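Accompanying notes for the structure given below.
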Amino acid sequence: MPFFQEAPRLGNQLDEDALLREYLSRRLPAGMLSGVHEELRQLGELGGGALYAFQQADRLNEPRLVSFDPWGRRVDRIELTPLWREAAALSARHGLVAEAYERRYGEWSRVLQMAKVYLVDASLDVYSCPLAMTDGAARTLLDLGPAHLVDRAVPRLTSRDPERMWTSGQWMTERTGGSDVGLTETVARRDGGAWRLWGTKWFTSATTAEVALTLARPEGAPAGGRGLALFYLELRDEAGRPNGVALNRLKDKLGTRKVPTAELSLEGAVAEPVAGLSDGVRHMASMLNVTRTWNAVGAVAGMRRAVALARDYARRRVAFGAPLLAKPLHAETLAALEAELEAGFLLAFRAVELLGHREAGAASEAGRALFRLLTSVVKLTTGKQAVAVASEALECFGGAGYVEDTGLPRLLRDAQVLPIWEGTTNVLSLEALRALAEPGAGAAYAAEVRGALATARDPSLRPAVEAAARALDRLGPWLAPAPGRPPREAPARACALT
Ligand code: MFK
Ligand code: FAD
């Protein structure tokens, strides 16, 4: 019989994930886990079973922009891949956005929501992108929007009914810059009682959304981020006609190939200010802090998938007389990957906890500052980890990790976006320092780290814990309240912090 290598396999993604189960039983309030366990198991089954198989079968399909109908009318319609269509329905049914807003479990609803996302995300071809932006839009409208917009959009954005659920875009980046958003060139002009937007958005992901939050400068407003306003718009009217939004083309990207990311022109799109006519960047931050948290969860979900496949393969692949798992050096490589995953997971879910805490109104001013600080630190750390872990995990498969129809190379390509979108690593390092300058943030950060160090009971960890405590002491002066802008040596300090 000729030799054929067995493919790596996945089982139930809850049953096989001791880290997730241990975290949930340690953190969730008594009784909550038993109430949600069955749904989590269902999602775990889908994530490692039917959805994973669907993803492999759907590998070569990509979204397509249809610009014109057969008779030459401009239609600007995006056709999605089959898995994305399934993902949309599944996300609504399982409340992957809704769970956070129904608040069945108070501040712990966020952890439940993200645990669900974590179980299926790696099998959904980055459908987390539109979900994250939808969640961010709901949060922003609830925090800042006028009652009639909240009443119109939030029930749709947070619906569990696939027929009713809307998704939202988050259109910030223009050709002038995705980091320096204050350079935005889109203008908002009055047209009778309405506002119309004119400009170009250079990266708009999941452009099949029904609504979007975007930035534009009301005519005559000053330059910079303060002169921008945050606008809400709907992409089509009730009859399905485009609202002055023309899709120019889809980006041809390294990864996230199933996510339709468009360049678009705003040609008089009717839009409504969400929160006045200035401070657009500050208002958009409400959305960013949610989507950055999703980014962190997406990063750890990707790491978990890479590690799960690599570990399973190490049992099936034999070299030099034994399975790879029995080779000390390979086992050490896998252990290092698992350690990265564990650290990233705990960081990401700590950010999730703080978000839930904040939304439940339980956070103090220092707690809110800590959330802003940790969101950037956690997003930038897990984004970098995700790329490194995916790269190393691919090597665990040897040449097979480099071959497309194994489905493995996608893991690396899809990870590579995580440090770029939602704020690059350097931009978030600077943002972390700005957050650190908020009143109480430094002290809250020091208390957070000291609290985490105090939980390390294993004596073998003592030297590492003591070194971390000494490092924290050395950072003391930086952690003291320091109003104002970050100093010039900011990036070095950001590295020290993380
Ligand atoms: C797995 C799935 C994951 C999710 C997928 C999502 C797909 C979408 C992908 C995208 O990439 S969407 C676009 C993401 N774009 C960015 O993240 C922008 C990156 N650039 C920055 O974050 C810049 O630092 C920033 C635009 C904020 C800098 O602009 P400015 O004009 O120099 O603003 P400044 O002065 O730093 O901040 C303006 C105000 O906002 C300040 O408040 P004040 O007006 O009271 O002074 C800031 O304190 C406040 N602010 C900024 N960031 C904040 C914040 N407040 C709270 N939280 C924050 N994070
Ligand atoms: P630039 O801002 O030009 O940055 C280039 C480099 O300069 C980076 O390395 C950055 O770290 C560095 N840099 C910039 N400023 C500083 C500084 N002060 N100090 C040190 N270094 C600095 N955007 C949206 O608004 N909506 C979307 O839906 C969306 N979807 C996307 C989907 C994909 C697949 C991708 C790749 C991007 C998407 N983006 C989206 C855009 C994304 O948010 C931006 O690409 C990102 O914010 C960086 O902006 P930029 O590309 O203009 O790079």
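Could you rank the peptides 354-366, 413-425 by their average count of other C-beta atoms within 10 Å per residue, with the highest value first?
Values: 354-366: 17.7, 413-425: 20.8.
Peptide ranking by packing, descending: 413-425, 354-366.
So if R0 is 35 Å, what FRET efficiency would Val427 and Ala362 give, r being the distance between their Cβ atoms, rounded to the nearest 0.05? Spell out each step's value before the answer.
Details: r = 29 Å, r/R0 = 0.84.
FRET efficiency, Val427 to Ala362: 0.75.
Cβ crowding within 10 Å ranks Phe349, Phe320, Phe231, Phe397 as Phe320, Phe397, Phe349, Phe231, fewest other Cβ atoms first. Take the Cα of Arg315, go 7 Å toward its beta carbon, and the backbone nitrogen atoms of segment 321-356 under 12 Å from that spot belong to 325.
Full extension of the chain between Arg103 and Arg64 gives 10.3 nm of extra length, using 0.36 nm per residue less the Cα-Cα distance. In the neighborhood of His357, defined by Cβ-to-Cβ distances under 9 Å, what is the net charge if each Lys or Arg adds +1 and each Asp or Glu adds -1? My count for the surroundings of His357 gives -1. The ratio of the alpha-carbon radius of gyration of segment 176-271 to the globular-protein estimate 2.2 N^0.38 Å is 1.10.
Were the residues from Glu395 through Arg236 laid out at 0.36 nm apart, the gain over their Cα-Cα distance would be 52.7 nm.
How do Thr455, Thr406 rank when sorted from fewest to most other Cβ atoms within 10 Å of their own Cβ?
On the way: Thr455 7, Thr406 19.
Ascending number of Cβ neighbours within 10 Å: Thr455, Thr406.
For Lys201, the lysines whose Cα falls under 17 Å of its own Cα, not counting residues fewer than eight places away in the same chain, are Lys251, Lys253.
Expressed as a whole percent, how much of the Cα-Cα distance distribution for segment 33-94 exceeds 18 Å? Tail of the P(r) past 18 Å holds 53 percent of the pairs. Treating r as the C-beta distance of Gln5 and Ala326 and R0 as 22 Å, the FRET efficiency rounds to 0.85.
As a test of the formula, what do you get for the chain when each DSSP H run with n ≥ 4 contributes -39,500 (n - 2.57) and the sum is divided by the residue count, at 222 nm and rounded to the nearest 500 deg cm²/dmol? Walk me through the numbers before you get to the answer.
Details: 17 runs with 250 residues, N = 498.
Mean residue ellipticity, 222 nm, calculated: -16500 deg cm²/dmol.
With a ≥ b ≥ c the root eigenvalues of the C-alpha gyration tensor of segment 390-484, is it rounded (a/c under 1.5), prolate (a/b larger than b/c) or oblate?
Numbers: a/c = 4.09, a/b = 1.65, b/c = 2.48.
Because a/c hits 1.5 or more and a/b fails to exceed b/c, segment 390-484 counts as oblate.
For segment 1-95, which chymotrypsin sites (Phe, Trp or Tyr not before Pro) pass both filters: DSSP loop (anything but H, G, I, E, B) and at most 12 other C-beta atoms within 10 Å? Walk me through the numbers before you get to the answer.
On the way: sites: Phe3, Phe4, Tyr23, Tyr52, Phe54, Phe68, Trp71, Trp84; in loops: Phe3, Phe4, Trp71.
Of the chymotrypsin sites (Phe, Trp or Tyr not before Pro), the ones in loops of segment 1-95 whose Cβ has at most 12 other Cβ atoms within 10 Å are Phe3, Phe4, Trp71.
Of the GluC sites (Glu not before Pro) found in segment 174-278, those in coil by DSSP whose Cβ has at most 14 other Cβ atoms within 10 Å are Glu185, Glu219, Glu238. Taking the Kirkwood radius as Rh and the Cα radius of gyration as Rg, segment 108-265 has a ratio of Rg/Rh equal to 0.97.
Divide the volume of the convex hull around the Cα atoms of the chain by the residue count and you get 163 Å³ per residue.
A short reminder: the numbers here are calculations on the coordinates, not readings from a lab. Keep in mind that what you see is a predicted model, and the values were worked out from it rather than measured. Positions of Cβ are backbone-derived with ideal geometry, glycine not excepted, and every protein chain shown enters the neighbour counts.
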